[in-house]
Amino acid sequence: DPHFGTESDLKRLVTMAHDRGIRVILDAVFNHTGREFFAFRDILENGEESRYRDWYHINRFPVHPESRDAYRTYGGYASMPKLNTANPAVAAYLMEVVRYWKTRCAIDGWRIDAADQVSHEFWRLLRRTVKECNPDALIVGEIWNDASAYLEGDQFDTVMNYPFMQAAVAFVRDGELSAEDFVRAAGVTHARYRNGPAGI
């Protein structure tokens with residue numbers, strides 16, 4: 001996003017961070033785009049003739065930007081059309097995105113937004129691609145509930161672990177949990193993941 005700087009600025013930031021022993025991960029949204037994304041814009045302009053018509057889940061043509069029922073969206077927001085990540089062309093494009101930022105800016109990993117909205121098969125492909133670029137790269141998934149299915153060693157390295165966070169907030173900030181209940185909630189989170197307290 002040019003509002004936050006140029007690619008050169010990012011390269012400089014990553015270099016400065018690396019010089020100080022800090023790693024940089026980028027936030028990625030592989031579930032949906034904005035309406036201004038080139039592929040969706042092409043659909044709006046060319047309708048059924050668009051070469052990108054299968055990049056999204058289009059229910060009917062013509063597609064108008066505000067017609068939520070014409071295409072699948074993220075969270076019901078017409079401004080966030082949902083990508084069809086099962087489409088090989090979409091998957092290939094997104095893997096090129098991963099390679100681009102590693103090659104051009106030497107980033108150290110990815111924080112994946114709305115990860116539970118995309119198939120496990122896609123995340124396995126993403127992991128292979130990320131680890132080919134950098135075996136030490138970190139992949140963090142945003143999963144709001146039980147994330148054990150994503151932590152089998154073939155998708156994410158860790159998750160944001162909202163269940164633990166929610167228990168901690170309820171105990172520390174809100175006083176809604178007793179110490180005993182908090183320990184119990186933390187134990188459930190710990191037991192849920194075979195290899196330890198992933199994301200904690």
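The values are calculated or read from the model by the stated rules, or taken from the named source; none is laboratory data. Because the structure is predicted, anything quoted here is derived from the model rather than measured. Counting neighbours? That spans all protein chains shown, and the Cβs are built from the backbone with ideal geometry, glycine included. Calculation scope for accessible area: heavy atoms of the full protein, side chains included, ligands and nucleic acids excluded. Shrake-Rupley method; radii C 1.70, N 1.55, O 1.52, S 1.80 Å.
Observations, loosely collected:
- One residue from 70, 86, 17 being of a type in the set (A, V, I, L, M), open to solvent by less than 20 Å² (accessible area, probe 1.4 Å) and within 29 Å of residue 157 (Cα to Cα): 17
- In the range 98-112, the residues that are in contact (Cβ under 8 Å) with a residue 24 or more places away in the chain and open to solvent by 30 Å² or more (accessible area, probe 1.4 Å): 99, 101, 102, 103, 104, 106, 111
- On the stretch given as the range 149-167, residues that are under 24 Å from residue 123 (Cα atoms) and surrounded by 15 or more Cβ atoms within 10 Å (Cβ to Cβ) total 12.
- Scanning the range 113-132 for residues that are assigned to a helix (DSSP H, G or I) and either open to solvent by less than 50 Å² (accessible area, probe 1.4 Å) or small (Gly, Ala, Ser) (or both) gives 115, 122, 123, 126, 127, 129, 130, 131.
- Qualifying residue in the range 168-190 (condition: touching a Pro at 6+ places or on another chain (Cβ under 8 Å) and open to solvent by 80 Å² or more (accessible area, probe 1.4 Å)): yes
- Annotation: residue 30 fulfils all but one of (1) outside any loop (DSSP other than H, G, I, E, B); (2) modelled with pLDDT of 95 or more; (3) within 14 Å of the chain's Cα centre (by Cα); the unmet one is (1).
- Residues located in the range 139-148, provided they are open to solvent by 70 Å² or more (accessible area, probe 1.4 Å) and within 16 Å of the chain's Cα centre (by Cα): 144, 145
- Conditions (1) part of a helix (DSSP H, G or I); (2) over 23 Å from residue 37 (Cα atoms); (3) β-branched (Val, Ile, Thr): number failed by residue 98: (2)
- In this entry, residue 135 passes the filter for residues that are part of a loop (DSSP other than H, G, I, E, B), open to solvent by 70 Å² or more (accessible area, probe 1.4 Å) and of a type outside the set (A, V, I, L, M).
- Cross-chain or 6+ apart pairs with Cβ under 7 Å, the range 122-148 first and more than 25 Å from residue 192 (Cα to Cα), then in a helix (DSSP H, G or I) and open to solvent by less than 70 Å² (accessible area, probe 1.4 Å): 129/95; 129/98; 130/98; 133/98; 133/102; 134/102
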